[in-house]
1. Hey, can you tell me all the residues within region B:71-91 that are facing chain A (nearest Cβ under 9 Å), touching a helix residue (DSSP H, G or I) at 6+ places or on another chain (Cβ under 6 Å) and touching a residue at least 24 places away in the same chain (Cβ under 8 Å)?
2. Test B:L40 against the stated conditions and say whether it is buried (at least 23 other Cβ atoms within 10 Å of the Cβ) and at pLDDT 95 or above.
3. Consider B:P188 against the criteria (1) of a type outside the set (D, E, K, R); (2) surrounded by 14 or more Cβ atoms within 10 Å (Cβ to Cβ); (3) in contact (Cβ under 8 Å) with a residue 24 or more places away in the chain: it satisfies all of them except one. Which criterion is unmet?
4. Quick one: in region B:49-70, which of the residues that are crowded, with 21+ Cβ neighbours inside 10 Å and away from chain A (no Cβ under 14 Å) is farthest from B:L11 (Cα to Cα)?
5. Kindly evaluate B:L27 against the criterion of being buried (at least 18 other Cβ atoms within 10 Å of the Cβ) and either within 16 Å of the chain's Cα centre (by Cα) or without any contact (Cβ under 8 Å) to a residue 40 or more places away in the chain (or both).
6. Restrict the check to region B:34-50 and report whether at least one residue is hydrophobic (A, V, I, L, M, F, W, C) and touching a helix residue (DSSP H, G or I) at 6+ places or on another chain (Cβ under 8 Å).
7. Any residue at all in region B:122-138 that is within 13 Å of chain A (Cβ to nearest Cβ) and in contact with a Lys or Arg (Cβ under 7 Å, 6 or more places away or on another chain)?
Amino acid sequence: MISQHQPYLLIAASTVMGAVSIATLPAASPGWVAAGTAAGGVLAWRIAGTRNVLRILKGAAFLGPFILFLAVMEFFRGDNQEVVSLAGIDLPVPLIRAVSLLLKTFTAVGLGLAWGDRVGAHGIARSLHRVRAPAAAVATTFLATNFLSTLAREWDGVRMAAQARGLSRARYAFRVRQLCGSLMSVLVRSLWRGDRIGWAMRARGYTGRLPEPLIKRGAVPLADFLLPILAVAVVAIAVCSRTMQ
Amino acid sequence: MTHEHGHQAELTCTGITFGYPGQETFLNGIDFHLDSGERLGLVGPNGSGKSTLLLCLTGLLKASGRRVLDGEELPPGKPDGAHIGLVFQNAEDMLFMPTVVEDVAFGPQNLGLSPEAARAAAENQLDRLGIAHLADANGLKLSGGQQRLAALAAVLSMEPPVLLLDEPTANLDEASRARLLDLLTELPGSLVMATHDRAAVKEVCSRVLVMEEGKILETRED
(Lines give C-alpha, C1' and ligand atoms only; values in the text may rest on other atoms or scores of the structure.)
Protein backbone atom coordinates (compact mmCIF):
# COMPACT_ATOMS: atom_id res chain seq x y z
CA MET A 1 0.00 0.00 0.00
CA ILE A 2 2.81 2.38 0.88
CA SER A 3 4.48 2.21 -2.51
CA GLN A 4 1.15 2.78 -4.27
CA HIS A 5 0.33 5.84 -2.24
CA GLN A 6 3.82 7.18 -1.80
CA PRO A 7 3.18 10.77 -2.87
CA TYR A 8 0.47 11.01 -0.24
CA LEU A 9 2.70 9.42 2.34
CA LEU A 10 5.36 12.02 1.64
CA ILE A 11 2.87 14.85 1.87
CA ALA A 12 1.54 13.43 5.10
CA ALA A 13 4.99 12.89 6.62
CA SER A 14 6.24 16.38 5.84
CA THR A 15 2.96 17.92 6.92
CA VAL A 16 3.03 16.17 10.26
CA MET A 17 6.64 17.21 10.84
CA GLY A 18 5.85 20.80 9.88
CA ALA A 19 2.79 20.82 12.12
CA VAL A 20 4.71 19.42 15.06
CA SER A 21 7.30 22.14 14.65
CA ILE A 22 4.63 24.85 14.51
CA ALA A 23 2.83 23.53 17.58
CA THR A 24 5.68 22.57 19.86
CA LEU A 25 8.87 24.33 18.95
CA PRO A 26 8.33 27.81 20.44
CA ALA A 27 9.64 26.36 23.68
CA ALA A 28 12.90 25.23 22.09
CA SER A 29 15.72 27.53 21.10
CA PRO A 30 16.31 27.97 17.38
CA GLY A 31 19.86 26.67 17.79
CA TRP A 32 18.58 23.35 19.05
CA VAL A 33 15.97 23.25 16.31
CA ALA A 34 18.62 23.84 13.65
CA ALA A 35 20.96 21.27 15.17
CA GLY A 36 18.21 18.67 15.53
CA THR A 37 16.91 19.07 12.04
CA ALA A 38 20.42 19.12 10.56
CA ALA A 39 21.01 15.81 12.31
CA GLY A 40 17.73 14.55 10.84
CA GLY A 41 18.87 15.67 7.40
CA VAL A 42 22.17 13.81 7.78
CA LEU A 43 20.25 10.74 8.99
CA ALA A 44 17.98 10.88 5.93
CA TRP A 45 20.99 11.28 3.67
CA ARG A 46 22.72 8.30 5.27
CA ILE A 47 19.57 6.15 5.03
CA ALA A 48 18.68 7.12 1.49
CA GLY A 49 22.30 7.22 0.31
CA THR A 50 24.11 9.85 -1.75
CA ARG A 51 22.94 8.40 -5.02
CA ASN A 52 19.34 8.99 -3.94
CA VAL A 53 19.79 12.71 -3.37
CA LEU A 54 18.18 13.40 -6.73
CA ARG A 55 15.25 11.20 -5.77
CA ILE A 56 14.86 13.17 -2.57
CA LEU A 57 14.99 16.39 -4.56
CA LYS A 58 12.36 14.91 -6.85
CA GLY A 59 10.08 14.41 -3.87
CA ALA A 60 10.95 17.90 -2.59
CA ALA A 61 10.12 19.39 -6.00
CA PHE A 62 6.75 17.72 -5.89
CA LEU A 63 6.19 19.11 -2.42
CA GLY A 64 7.49 22.55 -3.43
CA PRO A 65 4.30 24.57 -2.96
CA PHE A 66 3.65 22.81 0.31
CA ILE A 67 7.16 23.51 1.59
CA LEU A 68 6.73 27.15 0.61
CA PHE A 69 3.48 27.31 2.56
CA LEU A 70 5.09 25.91 5.70
CA ALA A 71 8.15 28.13 5.28
CA VAL A 72 5.92 31.20 5.11
CA MET A 73 4.11 30.06 8.26
CA GLU A 74 7.45 29.65 10.05
CA PHE A 75 8.46 33.16 8.99
CA PHE A 76 5.33 34.78 10.35
CA ARG A 77 4.97 32.64 13.44
CA GLY A 78 5.88 35.59 15.63
CA ASP A 79 8.62 35.76 18.20
CA ASN A 80 10.07 38.52 20.36
CA GLN A 81 13.59 37.34 19.67
CA GLU A 82 14.97 38.71 16.42
CA VAL A 83 18.55 37.47 16.38
CA VAL A 84 20.14 34.38 17.82
CA SER A 85 23.80 33.62 18.31
CA LEU A 86 24.84 30.29 16.84
CA ALA A 87 28.52 29.29 17.13
CA GLY A 88 29.37 32.97 17.69
CA ILE A 89 27.52 34.18 14.60
CA ASP A 90 24.36 36.30 14.88
CA LEU A 91 21.64 34.87 12.66
CA PRO A 92 18.09 36.16 12.17
CA VAL A 93 15.52 33.84 13.73
CA PRO A 94 13.23 33.67 10.67
CA LEU A 95 16.16 32.52 8.54
CA ILE A 96 17.05 29.76 11.00
CA ARG A 97 13.44 28.65 11.15
CA ALA A 98 13.09 28.59 7.38
CA VAL A 99 16.28 26.57 7.04
CA SER A 100 15.22 24.23 9.83
CA LEU A 101 11.86 23.72 8.18
CA LEU A 102 13.43 22.92 4.84
CA LEU A 103 15.73 20.45 6.54
CA LYS A 104 12.78 18.85 8.34
CA THR A 105 10.90 18.51 5.09
CA PHE A 106 14.03 17.14 3.45
CA THR A 107 14.28 14.63 6.29
CA ALA A 108 10.66 13.60 5.90
CA VAL A 109 10.99 13.24 2.16
CA GLY A 110 14.24 11.33 2.54
CA LEU A 111 12.76 8.95 5.08
CA GLY A 112 9.70 8.50 2.90
CA LEU A 113 11.85 7.64 -0.07
CA ALA A 114 14.05 5.34 1.95
CA TRP A 115 10.94 3.61 3.25
CA GLY A 116 9.30 3.04 -0.08
CA ASP A 117 11.12 2.59 -3.36
CA ARG A 118 10.81 5.94 -5.10
CA VAL A 119 8.31 8.47 -6.36
CA GLY A 120 7.65 7.44 -9.93
CA ALA A 121 6.41 9.66 -12.73
CA HIS A 122 3.26 7.57 -12.99
CA GLY A 123 2.49 7.85 -9.29
CA ILE A 124 2.83 11.62 -9.37
CA ALA A 125 0.79 11.93 -12.58
CA ARG A 126 -1.98 9.78 -11.08
CA SER A 127 -1.96 11.88 -7.92
CA LEU A 128 -2.22 15.11 -9.92
CA HIS A 129 -5.02 13.63 -12.02
CA ARG A 130 -6.91 12.76 -8.86
CA VAL A 131 -6.77 16.31 -7.59
CA ARG A 132 -8.00 17.47 -11.02
CA ALA A 133 -4.78 19.27 -11.96
CA PRO A 134 -4.78 20.72 -15.52
CA ALA A 135 -3.62 18.24 -18.19
CA ALA A 136 -0.69 20.49 -19.18
CA ALA A 137 0.58 20.55 -15.58
CA VAL A 138 0.25 16.77 -15.31
CA ALA A 139 2.13 16.18 -18.58
CA THR A 140 4.90 18.66 -17.71
CA THR A 141 5.39 17.21 -14.23
CA PHE A 142 5.34 13.72 -15.71
CA LEU A 143 8.14 14.48 -18.15
CA ALA A 144 10.15 16.56 -15.67
CA THR A 145 9.99 13.78 -13.08
CA ASN A 146 11.21 11.29 -15.62
CA PHE A 147 14.07 13.59 -16.66
CA LEU A 148 15.32 13.48 -13.07
CA SER A 149 15.91 9.74 -13.56
CA THR A 150 18.03 10.65 -16.57
CA LEU A 151 19.96 13.13 -14.43
CA ALA A 152 20.43 10.47 -11.77
CA ARG A 153 22.01 8.22 -14.40
CA GLU A 154 24.32 11.04 -15.52
CA TRP A 155 25.28 11.60 -11.88
CA ASP A 156 25.95 7.87 -11.45
CA GLY A 157 28.17 7.94 -14.55
CA VAL A 158 30.22 10.90 -13.30
CA ARG A 159 30.51 9.45 -9.79
CA MET A 160 31.62 6.02 -11.01
CA ALA A 161 34.16 7.58 -13.39
CA ALA A 162 35.65 9.50 -10.45
CA GLN A 163 35.66 6.43 -8.17
CA ALA A 164 37.27 4.30 -10.85
CA ARG A 165 40.17 6.76 -10.71
CA GLY A 166 40.59 6.37 -6.96
CA LEU A 167 38.47 9.22 -5.59
CA SER A 168 37.36 7.16 -2.60
CA ARG A 169 40.99 7.04 -1.41
CA ALA A 170 41.52 10.80 -1.69
CA ARG A 171 41.48 13.25 1.22
CA TYR A 172 38.07 14.48 2.38
CA ALA A 173 38.63 18.11 1.30
CA PHE A 174 39.66 16.96 -2.16
CA ARG A 175 36.58 14.72 -2.37
CA VAL A 176 34.31 17.64 -1.48
CA ARG A 177 35.99 19.79 -4.16
CA GLN A 178 35.57 16.97 -6.67
CA LEU A 179 31.92 16.59 -5.66
CA CYS A 180 31.29 20.26 -6.45
CA GLY A 181 33.08 19.83 -9.78
CA SER A 182 31.00 16.74 -10.52
CA LEU A 183 27.79 18.64 -9.84
CA MET A 184 28.85 21.25 -12.40
CA SER A 185 29.72 18.48 -14.83
CA VAL A 186 26.30 16.87 -14.34
CA LEU A 187 24.68 20.26 -14.87
CA VAL A 188 26.52 20.76 -18.17
CA ARG A 189 25.79 17.19 -19.29
CA SER A 190 22.14 17.58 -18.34
CA LEU A 191 21.87 20.74 -20.44
CA TRP A 192 23.43 18.95 -23.41
CA ARG A 193 21.23 15.92 -22.81
CA GLY A 194 18.14 18.10 -22.49
CA ASP A 195 19.01 19.71 -25.81
CA ARG A 196 19.19 16.35 -27.58
CA ILE A 197 15.97 15.16 -25.94
CA GLY A 198 14.38 18.39 -27.14
CA TRP A 199 15.48 17.54 -30.67
CA ALA A 200 14.09 14.01 -30.32
CA MET A 201 10.76 15.46 -29.16
CA ARG A 202 10.56 17.99 -31.98
CA ALA A 203 11.49 15.32 -34.51
CA ARG A 204 8.40 13.43 -33.38
CA GLY A 205 5.97 16.28 -33.79
CA TYR A 206 6.25 18.09 -30.43
CA THR A 207 5.33 21.74 -30.94
CA GLY A 208 5.04 23.01 -27.38
CA ARG A 209 2.07 21.10 -26.03
CA LEU A 210 2.80 17.81 -24.30
CA PRO A 211 0.38 14.96 -24.92
CA GLU A 212 -1.56 13.52 -22.02
CA PRO A 213 0.32 10.73 -20.20
CA LEU A 214 -0.94 7.23 -20.99
CA ILE A 215 -1.88 6.23 -17.48
CA LYS A 216 -4.90 4.40 -16.20
CA ARG A 217 -6.70 6.78 -13.89
CA GLY A 218 -8.86 4.15 -12.18
CA ALA A 219 -11.02 4.53 -9.11
CA VAL A 220 -9.76 6.52 -6.15
CA PRO A 221 -9.22 4.30 -3.10
CA LEU A 222 -10.27 5.67 0.29
CA ALA A 223 -6.68 5.40 1.55
CA ASP A 224 -5.65 8.02 -1.01
CA PHE A 225 -7.84 10.56 0.73
CA LEU A 226 -7.17 9.51 4.32
CA LEU A 227 -3.49 10.44 4.40
CA PRO A 228 -3.78 14.00 3.04
CA ILE A 229 -6.95 14.62 5.09
CA LEU A 230 -5.12 13.47 8.21
CA ALA A 231 -2.16 15.68 7.33
CA VAL A 232 -4.32 18.75 6.75
CA ALA A 233 -6.22 18.05 9.98
CA VAL A 234 -2.99 17.94 11.99
CA VAL A 235 -1.88 21.28 10.53
CA ALA A 236 -5.28 22.82 11.23
CA ILE A 237 -5.23 21.66 14.84
CA ALA A 238 -1.66 22.90 15.29
CA VAL A 239 -2.41 26.32 13.81
CA CYS A 240 -5.68 26.68 15.79
CA SER A 241 -3.99 25.77 19.05
CA ARG A 242 -1.28 28.40 18.38
CA THR A 243 -3.91 31.02 17.52
CA MET A 244 -5.88 30.36 20.72
CA GLN A 245 -2.78 30.88 22.85
CA MET B 1 0.18 16.50 -47.12
CA THR B 2 -0.62 13.03 -45.78
CA HIS B 3 0.90 9.64 -46.42
CA GLU B 4 -0.77 6.29 -46.05
CA HIS B 5 0.77 3.43 -44.12
CA GLY B 6 3.64 1.86 -46.04
CA HIS B 7 3.67 4.71 -48.56
CA GLN B 8 6.99 5.47 -50.21
CA ALA B 9 8.00 8.96 -51.20
CA GLU B 10 10.77 10.53 -53.23
CA LEU B 11 12.89 13.24 -51.69
CA THR B 12 14.88 15.81 -53.62
CA CYS B 13 17.35 18.04 -51.85
CA THR B 14 19.09 20.92 -53.59
CA GLY B 15 21.73 23.30 -52.27
CA ILE B 16 21.57 22.17 -48.64
CA THR B 17 24.02 24.52 -46.90
CA PHE B 18 24.51 24.84 -43.19
CA GLY B 19 27.00 26.33 -40.74
CA TYR B 20 26.95 26.38 -36.95
CA PRO B 21 26.75 29.94 -35.54
CA GLY B 22 30.14 31.64 -35.48
CA GLN B 23 31.79 28.88 -37.51
CA GLU B 24 32.58 28.28 -41.14
CA THR B 25 29.98 26.71 -43.41
CA PHE B 26 29.83 23.00 -42.57
CA LEU B 27 27.64 21.61 -45.34
CA ASN B 28 28.32 23.07 -48.75
CA GLY B 29 25.46 22.99 -51.22
CA ILE B 30 24.51 19.34 -51.05
CA ASP B 31 22.29 18.01 -53.83
CA PHE B 32 20.85 14.52 -54.01
CA HIS B 33 17.72 12.67 -54.99
CA LEU B 34 16.16 9.73 -53.16
CA ASP B 35 13.84 7.66 -55.32
CA SER B 36 10.59 6.31 -53.97
CA GLY B 37 11.41 3.16 -51.97
CA GLU B 38 15.16 3.57 -52.51
CA ARG B 39 17.68 2.70 -49.79
CA LEU B 40 20.60 5.09 -49.74
CA GLY B 41 23.81 4.71 -47.76
CA LEU B 42 25.70 7.76 -46.50
CA VAL B 43 29.34 7.05 -45.67
CA GLY B 44 32.39 9.14 -44.85
CA PRO B 45 34.91 9.80 -42.08
CA ASN B 46 34.02 11.25 -38.68
CA GLY B 47 33.20 14.94 -38.96
CA SER B 48 32.36 14.73 -42.67
CA GLY B 49 28.84 16.05 -42.01
CA LYS B 50 26.69 12.90 -42.22
CA SER B 51 24.80 13.46 -38.95
CA THR B 52 24.46 17.19 -39.59
CA LEU B 53 23.01 16.47 -43.03
CA LEU B 54 20.43 14.12 -41.48
CA LEU B 55 19.46 16.80 -38.93
CA CYS B 56 19.08 19.30 -41.78
CA LEU B 57 16.98 16.84 -43.80
CA THR B 58 14.54 16.42 -40.91
CA GLY B 59 14.36 20.20 -40.41
CA LEU B 60 15.79 20.08 -36.90
CA LEU B 61 18.63 22.30 -38.11
CA LYS B 62 17.59 25.20 -40.27
CA ALA B 63 19.66 24.91 -43.43
CA SER B 64 19.37 26.91 -46.61
CA GLY B 65 18.39 25.01 -49.75
CA ARG B 66 15.27 23.09 -50.70
CA ARG B 67 13.74 19.82 -49.49
CA VAL B 68 11.02 18.58 -51.79
CA LEU B 69 8.99 15.53 -50.78
CA ASP B 70 6.76 14.06 -53.50
CA GLY B 71 6.71 17.39 -55.31
CA GLU B 72 5.88 19.47 -52.24
CA GLU B 73 8.49 21.72 -50.63
CA LEU B 74 8.99 21.24 -46.89
CA PRO B 75 9.41 24.47 -44.90
CA PRO B 76 12.97 24.97 -43.57
CA GLY B 77 13.64 24.49 -39.86
CA LYS B 78 10.30 22.80 -39.20
CA PRO B 79 10.72 19.14 -38.28
CA ASP B 80 7.78 16.91 -39.00
CA GLY B 81 8.12 13.27 -38.01
CA ALA B 82 5.12 12.30 -40.10
CA HIS B 83 7.06 13.05 -43.31
CA ILE B 84 10.71 12.42 -42.48
CA GLY B 85 11.54 10.31 -39.44
CA LEU B 86 14.99 10.23 -37.83
CA VAL B 87 16.43 7.54 -35.58
CA PHE B 88 19.20 9.24 -33.58
CA GLN B 89 22.66 7.77 -33.14
CA ASN B 90 22.17 7.65 -29.38
CA ALA B 91 18.86 5.81 -28.92
CA GLU B 92 18.78 6.82 -25.23
CA ASP B 93 18.08 10.41 -26.25
CA MET B 94 14.86 9.25 -27.89
CA LEU B 95 13.57 7.40 -24.84
CA PHE B 96 12.46 10.17 -22.51
CA MET B 97 9.16 8.77 -21.24
CA PRO B 98 8.84 6.41 -18.25
CA THR B 99 7.88 3.39 -20.38
CA VAL B 100 8.65 2.21 -23.90
CA VAL B 101 5.00 2.16 -24.97
CA GLU B 102 4.65 5.81 -23.93
CA ASP B 103 7.74 6.72 -25.92
CA VAL B 104 6.35 4.98 -29.00
CA ALA B 105 2.92 6.61 -28.51
CA PHE B 106 4.44 10.10 -28.10
CA GLY B 107 4.61 10.77 -31.87
CA PRO B 108 1.10 9.52 -32.71
CA GLN B 109 -0.31 11.59 -29.83
CA ASN B 110 1.40 14.67 -31.26
CA LEU B 111 -0.30 13.84 -34.57
CA GLY B 112 -3.63 14.16 -32.80
CA LEU B 113 -4.49 10.56 -31.93
CA SER B 114 -6.36 10.01 -28.66
CA PRO B 115 -4.35 8.37 -25.83
CA GLU B 116 -6.19 5.07 -26.45
CA ALA B 117 -5.61 5.11 -30.22
CA ALA B 118 -1.97 6.15 -29.75
CA ARG B 119 -1.43 3.31 -27.28
CA ALA B 120 -2.95 0.84 -29.73
CA ALA B 121 -0.74 2.15 -32.55
CA ALA B 122 2.31 1.92 -30.30
CA GLU B 123 1.55 -1.62 -29.20
CA ASN B 124 1.03 -2.60 -32.82
CA GLN B 125 4.43 -1.16 -33.76
CA LEU B 126 6.19 -2.86 -30.85
CA ASP B 127 4.60 -6.14 -31.88
CA ARG B 128 5.76 -5.61 -35.46
CA LEU B 129 9.36 -5.18 -34.31
CA GLY B 130 9.10 -8.15 -31.94
CA ILE B 131 9.51 -6.15 -28.72
CA ALA B 132 5.92 -6.17 -27.46
CA HIS B 133 7.16 -7.69 -24.19
CA LEU B 134 9.13 -4.47 -23.50
CA ALA B 135 6.07 -2.20 -23.65
CA ASP B 136 6.03 -1.42 -19.92
CA ALA B 137 9.80 -1.43 -19.45
CA ASN B 138 11.82 1.70 -18.71
CA GLY B 139 13.63 2.58 -21.95
CA LEU B 140 16.77 3.66 -20.09
CA LYS B 141 17.17 0.22 -18.55
CA LEU B 142 17.12 -1.74 -21.81
CA SER B 143 20.14 -3.18 -23.60
CA GLY B 144 21.66 -1.20 -26.49
CA GLY B 145 19.97 -3.41 -29.09
CA GLN B 146 16.59 -3.16 -27.40
CA GLN B 147 16.95 0.62 -27.10
CA ARG B 148 17.71 0.86 -30.82
CA LEU B 149 14.59 -1.17 -31.65
CA ALA B 150 12.45 0.91 -29.26
CA ALA B 151 13.76 4.12 -30.87
CA LEU B 152 13.00 2.69 -34.32
CA ALA B 153 9.48 1.78 -33.18
CA ALA B 154 9.02 5.34 -31.84
CA VAL B 155 9.81 6.76 -35.28
CA LEU B 156 7.94 4.13 -37.32
CA SER B 157 4.78 4.66 -35.25
CA MET B 158 4.41 8.00 -37.07
CA GLU B 159 4.59 6.09 -40.38
CA PRO B 160 6.97 8.46 -42.16
CA PRO B 161 7.46 7.71 -45.87
CA VAL B 162 11.17 8.59 -45.53
CA LEU B 163 13.24 7.13 -42.72
CA LEU B 164 16.68 8.47 -41.76
CA LEU B 165 19.02 6.42 -39.56
CA ASP B 166 22.17 7.76 -37.92
CA GLU B 167 24.70 4.99 -37.24
CA PRO B 168 22.00 2.35 -36.65
CA THR B 169 24.43 -0.53 -36.09
CA ALA B 170 26.93 1.30 -33.83
CA ASN B 171 27.68 -0.50 -30.53
CA LEU B 172 25.42 -3.46 -31.32
CA ASP B 173 26.43 -7.08 -30.85
CA GLU B 174 26.27 -9.44 -33.83
CA ALA B 175 22.81 -10.82 -33.04
CA SER B 176 21.23 -7.38 -32.46
CA ARG B 177 22.92 -6.02 -35.58
CA ALA B 178 21.64 -8.89 -37.75
CA ARG B 179 18.12 -8.49 -36.36
CA LEU B 180 18.10 -4.75 -36.98
CA LEU B 181 19.40 -5.13 -40.54
CA ASP B 182 16.74 -7.78 -41.28
CA LEU B 183 14.08 -5.34 -40.09
CA LEU B 184 15.48 -2.47 -42.14
CA THR B 185 15.57 -4.66 -45.24
CA GLU B 186 11.89 -5.48 -44.79
CA LEU B 187 10.71 -1.89 -44.23
CA PRO B 188 8.63 -0.60 -47.12
CA GLY B 189 9.55 3.11 -47.15
CA SER B 190 12.46 5.11 -48.55
CA LEU B 191 15.53 5.11 -46.35
CA VAL B 192 18.81 6.98 -45.81
CA MET B 193 21.37 5.35 -43.55
CA ALA B 194 24.48 7.22 -42.34
CA THR B 195 27.06 4.73 -41.11
CA HIS B 196 30.67 3.55 -40.97
CA ASP B 197 29.44 -0.04 -41.32
CA ARG B 198 30.18 -0.84 -45.00
CA ALA B 199 28.82 -4.38 -44.65
CA ALA B 200 25.47 -3.02 -43.41
CA VAL B 201 25.34 -0.60 -46.33
CA LYS B 202 26.03 -3.47 -48.73
CA GLU B 203 23.23 -5.51 -47.16
CA VAL B 204 20.55 -2.81 -47.00
CA CYS B 205 21.33 -0.08 -49.54
CA SER B 206 21.31 0.02 -53.34
CA ARG B 207 23.27 3.27 -53.69
CA VAL B 208 25.95 5.00 -51.62
CA LEU B 209 26.87 8.66 -51.23
CA VAL B 210 30.41 9.29 -50.03
CA MET B 211 30.81 12.49 -47.97
CA GLU B 212 33.90 14.40 -46.97
CA GLU B 213 34.29 17.87 -45.45
CA GLY B 214 30.62 18.70 -45.87
CA LYS B 215 30.42 17.73 -49.54
CA ILE B 216 29.33 14.70 -51.51
CA LEU B 217 32.48 13.37 -53.16
CA GLU B 218 30.99 10.56 -55.20
CA THR B 219 27.94 8.38 -55.73
CA ARG B 220 28.31 4.63 -56.09
CA GLU B 221 25.85 1.93 -57.09
CA ASP B 222 26.23 -1.08 -54.76
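1. Hits for region B:71-91 are B:G81, B:I84, B:G85, B:L86, B:F88.
2. In short, yes.
3. Every listed condition holds for B:P188 apart from (2).
4. By that ranking, first place goes to B:G49.
5. On the way: buried (at least 18 other Cβ atoms within 10 Å of the Cβ): yes; either within 16 Å of the chain's Cα centre (by Cα) or without any contact (Cβ under 8 Å) to a residue 40 or more places away in the chain (or both): no.
It is false that B:L27 is buried (at least 18 other Cβ atoms within 10 Å of the Cβ) and either within 16 Å of the chain's Cα centre (by Cα) or without any contact (Cβ under 8 Å) to a residue 40 or more places away in the chain (or both).
6. Within region B:34-50, the first condition is being hydrophobic (A, V, I, L, M, F, W, C), and the residues that meet it are B:34, B:40, B:42-43.
Pick out the ones that are also touching a helix residue (DSSP H, G or I) at 6+ places or on another chain (Cβ under 8 Å) and you get B:42-43.
Taking every residue of region B:34-50 in turn, at least one turns out to be hydrophobic (A, V, I, L, M, F, W, C) and touching a helix residue (DSSP H, G or I) at 6+ places or on another chain (Cβ under 8 Å).
7. No; the residues of region B:122-138 include none that is within 13 Å of chain A (Cβ to nearest Cβ) and in contact with a Lys or Arg (Cβ under 7 Å, 6 or more places away or on another chain).
The values are calculated or read from the model by the stated rules, or taken from the named source; none is laboratory data. No experiment lies behind these values; they were computed from the predicted model shown. Here Cβ is always computed from backbone atoms with ideal geometry, including for glycine, and neighbour counts include all displayed protein chains.
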